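Reviewing the structure listed below.
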Amino acid sequence: MRRSILIAVLLAAALANYGCAVYQTPPAYGHEPAPRVVAVAPEFLYVIPSFGVYFVPNISAEIFFVNGRWYYNARGVWYWGMSYTGPWTYIEIRQIPRQLRKQPRDKRDRYRHEYYRVPYGHWEKRRKDLPPRAEPKPPPYLNRYKGNVYVHPRDPDVVFYDGYWYRRYKGLWYQGKSSAGPWRYPEIGFLPKPLKKLPPDYRKERPEKPYERVPWDKVQKKYRKKMEKRDREWEEDD
């Protein structure tokens with residue numbers, strides 16, 4: 001027995017030297033402890049679009065990140081923690097975010113494309129480095145850039161598309177429910193294709209014809225239903 005414990009301790013120390021963490025969740029009342037897991041810092045995460053759910057690939061454990069917390073599903077029992085290595089605390093299934101209850105079962109196959117991949121170090125840094133709030137009031141009008149992409153007249157780094165506001169900050173795009181934020185990175189999971197196709201220097205372009213000025217009230221009316229749905233989703237997530 002003592003020999004087994006000594007081997008386990010030596011194994012944990014060896015793995016720690018290689019950036020690994022061996023952890024086991026203390027048993028919750030009425031539940032078995034979560035199985036022992038060996039985890040290394042993930043090179044990248046995959047995101048499930050429109051769910052705002054990130055999952056750690058290439059490991060057998062079901063580990064997710066949603067709304068600032070990590071979640072671990074062990075044999076149908078859910079735990080939460082502030083790190084992907086735990087420590088984990090038991091949580092009832094009715095208390096986990098609804099996105100986790102409704103996520104696609106084939107997510108690991110469906111979202112393996114690099115389009116959904118987010119480098120872990122990049123993500124970890126940017127989710128804490130959100131853009132500051134802008135001016136509180138929306139502009140009286142927007143400049144229609146191309147199609148249904150509208151650019152803020154005083155801050156070209158802020159654009160409106162399909163019911164959401166987006167802001168380019170330090171070379172990355174963030175999403176918000178108003179022109180002043182608050183901003184998320186990237187909560188919705190992916191950048192709309194019209195924004196991905198924007199040239200890096202779109203803010204400096206000088207079009208042959210002046211951009212069409214569209215009153216903000218008119219834009220609001222056009223996207224009212226989508227914006228109302230968006231607001232409900234944000235309230236449920238917060």
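Filter segment 93-113 for residues that are under 14 Å from residue 54 (Cα atoms) and of a type in the set (S, T, N, Q) and give the result.
99, 103 - these are the residues of segment 93-113 that are under 14 Å from residue 54 (Cα atoms) and of a type in the set (S, T, N, Q).
Output yes when any residue across segment 84-97 is touching an Asp or Glu at 6+ places or on another chain (Cβ under 8 Å) and surrounded by 14 or more Cβ atoms within 10 Å (Cβ to Cβ), and no when none is. Walk me through how you get there before you give the answer.
Filtering segment 84-97 for residues touching an Asp or Glu at 6+ places or on another chain (Cβ under 8 Å) gives 97.
Filter again for surrounded by 14 or more Cβ atoms within 10 Å (Cβ to Cβ), leaving 97.
So far as segment 84-97 goes, yes, one or more of its residues are touching an Asp or Glu at 6+ places or on another chain (Cβ under 8 Å) and surrounded by 14 or more Cβ atoms within 10 Å (Cβ to Cβ).
Quick one: which strands (runs of 3 or more DSSP E) sit completely within segment 137-210 and have at least 2 residues that are among the aliphatic types (A, V, I, L, M)?
On the way: elements: 141-146, 149-151, 158-161, 164-169, 172-176.
Correct list: 149-151, 158-161.
What's the number of the only condition in (1) buried (at least 19 other Cβ atoms within 10 Å of the Cβ); (2) at pLDDT 85 or above that residue 156 fails to meet?
(1)
Evaluate segment 40-55: report whether one residue or more is surrounded by fewer than 18 Cβ atoms within 10 Å (Cβ to Cβ), in a strand (DSSP E or B), in contact (Cβ under 8 Å) with a residue 12 or more places away in the chain and not aromatic (Phe, Trp, Tyr).
yes
For residues in segment 80-97 being part of a loop (DSSP other than H, G, I, E, B) and among the aliphatic types (A, V, I, L, M), which is modelled with the lowest pLDDT?
82
So that you can scan it fast, the table gives a plain yes or no per residue for (1) at pLDDT 75 or above; (2) out of contact with any helix residue (DSSP H, G or I) (no Cβ under 7 Å at 6 or more places or on another chain); (3) assigned to a loop (DSSP other than H, G, I, E, B):
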{"position": "15", "(1), (2), (3)": "no, yes, no"}
{"position": "25", "(1), (2), (3)": "no, yes, yes"}
{"position": "33", "(1), (2), (3)": "no, yes, yes"}
{"position": "65", "(1), (2), (3)": "yes, yes, no"}
{"position": "72", "(1), (2), (3)": "yes, yes, no"}
{"position": "78", "(1), (2), (3)": "yes, no, no"}
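The values are calculated or read from the model by the stated rules, or taken from the named source; none is laboratory data. Since we're looking at a predicted model, the values are computed, not measured. Note that we place each Cβ from the backbone using ideal geometry, even for glycine, and neighbour counts take in every protein chain shown.
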